[in-house]
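Enquirer: After the structure tokens below, expect a handful of questions from me.
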Amino acid sequence: MAKIPAARLSRLLTGWSAEGSGPLPRRLADALRELAERADVAPGTTLPSQRELALVLGVSRSTVTAAYSLLESEGWLESRRGSGSRLRGSGSLERGVGEGRLASFDARAGGAETAGEAASQGPADLTSGALEGLGAVGDVVGALSGADLAPLLRGDGYVPYGLPALREGVAAYYRAAGVPTDADQILVTSGSQQAVWLVAQALVDPGDTVVVENPTYRGSLEALRSRGARLVPVGGDRPGAGDDGSDAAAVRRLAASVRPRLVYLQPAVHNPTGRSLDDAALRRWAAALGERELFTVEDTACAELGLAGDGAPVPLAARLPSASTITVGTLSKLFWGGLRVGWVRSSPQVVARMAKIKTSVDLSCPVVDQLVAVRLLGRLPEARAARRAVLREQRAGAEELLRRRAPRWEWDTPAGGPALWVRVPGADTEALAQLARRRGVAVVPGSAFSAVDGFRDRFRLPYAHGVDVLERALPTLLECAERSRA
């Protein structure tokens, strides 16, 4: 059976040490048992050695030894000399939860009010960079009337491809950006997360090679891993942005020997680094992808959060053929996460294929949300301006705070987005994250964004929650960084 890496297991153990009562070994044993019961870790999986797990969790080896012993005595663990400790399970065949982005929301048992309170007081949850909603959303919702809904109520409410008005509105958005697009090239989805999941379901088979940036959006890693893709990373701290075009050149060389099923990129406002490719880098990527005729997935979910300029970002799709390109977009990042409206732009054939999969899951996106989205498309310029003004101020405040309080930490000023991609020299951010969680501060280590569990000296630090949240969390993070070095 497969062995789960210690770094990956630590990310599945979200919140175990900050909750509950009783000795630490008991809590760790209970958390591991729950992973087995829910099949989040497949039965028969070999667990990391006690030393490996202790290092990434930031606990003593004796704590892990005691936890393993408790599990073995209760029949949840089977240890054999020379072959390690295998976790027993309930026999469930269901897939477990993701290890990355989706796990950030597992502990949110309360409603919106609870989430809002958590952002302003008490423990600091820095696992998500999601922004609070813009007032424009409330304005549009409040302006809706029965007369607006009356034409839609005459139908059954199921629009598998999305409201025609919204599809045309999104198509017009791309045409304005210089990308010829018809409404039949648009599929409306429940946010960009579902869009990426649909891409994986529709285009990737187990064993297919998929090229991803390293690091990259962790939700995409979950979606692709769930399909059994073979992930091949390219890039480094600044994926795709090298002056020598090394990332695009690496893809060109790779494609000469191995035919990737697709290439997944975030050219504008990359998550987690916040970088955006300049025109020269976009040309290099377009040349490499076009030369090898590689199917490209361009994720622009965060592109509207760019902090330079005033207009809409020009997608890489403007330089690539629609037949071999998918562009993922959303209104949720710019306007509000509670507005679950995203989309896929591709050829009508690919859109139809993905629509069939989508209808088997949810039949249709909520019509009222789509009606709101149609009207919000007309407010994009003012929404961009509002976000940019606030995010620029928050970015400046966060950088000033870190320069003053954490002078050894390193980062590049991001071109956009809600977070800094921070390097902590000499630290193990897997251990840092576990130690901080036990002190009420939750962060995501760099390895969560890597297909190969890299960037163990990095973590993503959202600044969009305000400098006051960072000031509250920073002493804990600094202390845990020092402990992780030891």
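The values are calculated or read from the model by the stated rules, or taken from the named source; none is laboratory data. Since this is a predicted model, take the numbers as computed values, not measurements. Cβ: placed from backbone, ideal geometry, glycine included. Neighbour counts: every protein chain shown.
Enquirer: For residues that are in contact with a Gly (Cβ under 7 Å, 6 or more places away or on another chain) and closer than 18 Å to V441 by Cα, scanning just region 1-26, find the one that is modelled with the highest pLDDT.
Expert: R11
Enquirer: Also, quick follow-up: Confirm whether L35 is in contact with a Leu (Cβ under 7 Å, 6 or more places away or on another chain) and surrounded by 20 or more Cβ atoms within 10 Å (Cβ to Cβ).
Expert: It is true that L35 is in contact with a Leu (Cβ under 7 Å, 6 or more places away or on another chain) and surrounded by 20 or more Cβ atoms within 10 Å (Cβ to Cβ).
Enquirer: Looking only at region 181-191, decide whether some residue is under 13 Å from A223 (Cβ atoms) and in a helix (DSSP H, G or I).
Expert: yes
Residues are listed down the side, and each one gets a yes or a no for (1) crowded, with 24+ Cβ neighbours inside 10 Å; (2) under 23 Å from E132 (Cβ atoms); (3) touching a strand residue (DSSP E or B) at 6+ places or on another chain (Cβ under 9 Å):
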| position | (1), (2), (3) |
| --- | --- |
| W409 | no, no, yes |
| P414 | yes, yes, yes |
| E430 | yes, no, yes |
| A433 | yes, no, yes |
| A442 | no, yes, yes |
| V452 | no, no, yes |
| P462 | yes, yes, yes |
| R472 | no, yes, yes |
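Enquirer: Look through region 129-169, keep the residues that are under 27 Å from G416 (Cα atoms) and touching a strand residue (DSSP E or B) at 6+ places or on another chain (Cβ under 7 Å), and return whichever of them is surrounded by the fewest Cβ atoms within 10 Å (Cβ to Cβ).
Expert: Among residues in region 129-169 that are under 27 Å from G416 (Cα atoms) and touching a strand residue (DSSP E or B) at 6+ places or on another chain (Cβ under 7 Å), the one surrounded by the fewest Cβ atoms within 10 Å (Cβ to Cβ) is G129.
Enquirer: Considering region 61-91 alone, what residues qualify as being at pLDDT below 85 and either among the hydroxyl-bearing types (S, T, Y) or part of a helix (DSSP H, G or I) (or both)?
Expert: The answer is S79, S83, S90.
Enquirer: In addition: Across region 415-430, what is the number of residues that are free of Cβ contacts under 8 Å to residues at least 60 places away in the same chain and in a helix (DSSP H, G or I)?
Expert: 1
Enquirer: Then there's this: For region 369-414, which residues satisfy the criterion of being under 21 Å from A427 (Cβ atoms) and assigned to a helix (DSSP H, G or I)?
Expert: A398, E399, L401, L402, R403, R404, R405
Enquirer: Next question. Let me confirm something: among G129, G133, G155, which residue is in a loop (DSSP other than H, G, I, E, B), at pLDDT below 95 and within 26 Å of the chain's Cα centre (by Cα)?
Expert: G129
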